[in-house]
1. Which one is nearest to VAL164 (Cα to Cα) among residues in segment 179-220 that are among the β-branched types (Val, Ile, Thr) and in contact (Cβ under 8 Å) with a residue 12 or more places away in the chain?
2. Could you please tell me which pairs satisfy a Cβ distance under 8 Å, a separation of 6+ or placement on different chains, a first residue in segment 69-94 that is surrounded by 13 or more Cβ atoms within 10 Å (Cβ to Cβ), and a second residue that is assigned to a helix (DSSP H, G or I)?
3. Going through segment 47-61 one residue at a time, which ones are surrounded by fewer than 16 Cβ atoms within 10 Å (Cβ to Cβ) and under 12 Å from GLU37 (Cα atoms)?
4. Could you list, in sequence order, all residues of segment 174-220 that are over 12 Å from LEU136 (Cβ atoms) and among the aromatic types (Phe, Trp, Tyr)?
5. Here is a list: GLN162, GLN150. Which entry is at pLDDT 90 or above and more than 15 Å from LYS189 (Cα to Cα)?
Amino acid sequence: MFCLSKKKFWIEAVAFFVLAEGCVLSARSLVQIRSIEERQETIADKVFLQRRKNLEGVVSRFWFVDGQPVDQAAFEEQLSLAAAQDAVNDLRQEEARFIERHEFARVSRKALYKKLAATIQEEILAYLTRVTIIDLSSFFEFSSCTFDSQMEFEAAYRWVRQDVNVELDASENDEALYDVMLRYEQLQKKIELFYQAAIKRAIDECSDTRVLKELLTLVS
């Protein structure tokens, strides 16, 4: 036997509470079994909460959207709409990521084409600086493998000396950018073949010792 003043004792788990009237716990004491289950999820920035309450075997269900109580039909309707909106949001985000990746790739390709073209241009100009120390114009040979004429050679010479970004900035798509870079590559090969042919012809035909010594320095 023990005394209790008027108090309510709650034990929450599956939850018990014992209510005792007076100082003596008697057979009239009331014991209730209570349980609460909740499921909460956030969809499309809306918070959906379902609550199931079991009190002495009597089950009650409640539905809330963003903290506001609603009936089951309204809950399910808003849940369905939110799920559809969430799917749309996912598609939009995926599309935005695709566009972002595509733009990054496009900008990167343009930067690489520019870098490649500028590097090839520097190599061509360095080569021209070296081979034009000697006047080889009298030994030039024009052909379909290099340049068809003096005019074509001079046009290519002027083009390769211009700012590489002029052509690249005017290009509107990857194919055009690639074509510019490829033109530099092809021109590099043609200029080297052209001057190699001129040097070979000079070696075969020249009898000037000064020029021959300069050629020796050039090919060393």
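1. VAL180
2. VAL70/GLN78
3. Residues satisfying the conditions are ARG51, ARG52, LYS53, ASN54, LEU55, VAL59, SER60, ARG61.
4. TYR178, TYR184
5. GLN150
The values are calculated or read from the model by the stated rules, or taken from the named source; none is laboratory data. These numbers were taken from a predicted model, which means no experiment stands behind them. Cβ atoms come from the backbone with ideal geometry, glycine included; neighbour counts cover every protein chain shown.
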